[in-house]
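Values quoted throughout were computed directly from the atomic coordinates according to the rules given, and no laboratory measurement underlies them. Everything numeric here is computed off the predicted structure, so don't read it as measured data. Cβ placement follows ideal geometry from the backbone for every residue including glycine, while neighbour counts extend to all protein chains displayed.
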Amino acid sequence: MVAQSAARRFWTQPNANNKQYKPLMSLRLEMTRITDSEDCFKCRGCCKFEKDHLFFAPLVTKKERDAIEKDPKTWGVKPVFKPHKGSNKVFQIQMISSKLEKDMFVCPFLIEMNHECQIYNKRPFDCRFWPFLLMKGDSEGEIDVMLYNEDVCPSLDKKTCEVIKVHEREALETVNSPEMRAILKENPELAWPKDAEDAEDVRKVGTVRLFD
């Protein structure tokens with residue numbers, strides 16, 4: 001599998017001094033960045049897909065979709081949200097043909113020339129969580145927190161095991177927070193199925209049980 005096709009999201013840290021920064025969720029869901037911005041700009045593998053991997057385009061909740069559509073930066077962008085698996089609560093961003101790479105599809109909110117996100121301040125949790133991934137667990141009501149490997153996200157190759165474990169604990173705490181548990185209970189489609197095509201490129205960090 002080509003790393004660029006699975007690596008779809010641009011993961012950077014919010015600027016606390018930016019007064020326009022208004023997260024859609026509480027700051028408890030704002031995780032510390034695991035990747036380095038310099039690596040991300042060199043790699044430029046996120047936010048774009050080969051045709052065979054469009055299945056993994058980012059998912060958004062209705063609240064996230066509405067906030068993105070109200071952002072003036074998106075007013076000139078053609079509507080790009082499609083109900084995910086027939087849901088009226090979870091939607092998927094529809095990718096568009098790349099202007100720079102043949103046979104590649106990119107997020108409509110990506111500025112390809114400099115690989116910047118037009119909706120960075122309102123990017124959905126699915127994007128913020130990268131290179132972690134939510135996947136359905138073995139039992140009903142279980143969510144597995146997964147982490148892509150360094151083949152998909154090369155920046156991870158520079159991290160020590162100790163540093164990665166710190167971020168893994170933070171990812172589990174984020175998903176296990178009361179707010180995120182409530183979101184997942186209401187929007188179970190946010191978790192990818194276990195038989196997803198790219199499942200071999202991720203490993204399980206831990207499991208969160210939504211119902212005690």
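Give me C161, C127, C40 ranked fewest to most by other Cβ atoms within 10 Å of their Cβ, as a rough exposure proxy. Before the final figure, lay out each step's value.
Numbers: C161 7, C127 25, C40 22.
Placing the least packed residue first, the sequence is C161, C40, C127.
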Point to revise | Descending semi-axes in Å of segment 98-164, equivalent ellipsoid built from Cα gyration tensor | key: 27, 18, 13
Review point. Arranged by the count of other C-beta atoms within 10 angstrom, fewest first, what order do F129, F211 take?
Key: F211, F129
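Once Rh is set to the Kirkwood radius over Cα pairs, what Stokes-Einstein translational diffusion coefficient, in µm²/s, holds for segment 32-88 at a temperature of 4 °C and a viscosity of 1.567 mPa s? Mind dumping the intermediate values first?
Numbers: Rh = 14.1 Å.
Taking Rh from Cα pairs, D becomes 92 µm²/s.
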Check your understanding: Which pairs in the list K63/K194; K89/K204; K48/K82 are over 22 Å apart, alpha-carbon to alpha-carbon?
Key -> K63/K194; K89/K204
**Study point:** Taking W192, W75 and counting other C-beta atoms within 10 Å, the order from fewest to most
**Key:** W75, W192
Point to revise | Using a Förster distance of 35 Å, the FRET efficiency for E168-I111 (Cβ separation, nearest 0.05) | key: 0.65
Review point. Kirkwood-based Rg over Rh for segment 162-206 (C-alpha set), two decimals?
Key: 1.02
Exercise for review: Mind computing the radius of gyration and Dmax over the alpha-carbon atoms of segment 52-117? Å is fine for both.
Suggested key: 12.3, 34
Exercise for review: Let me see the pair-distance distribution of segment 98-212: every alpha carbon pair, 5 Å bin width, integer percents in order.
Suggested key: 2, 10, 18, 19, 19, 17, 9, 4, 1, 0
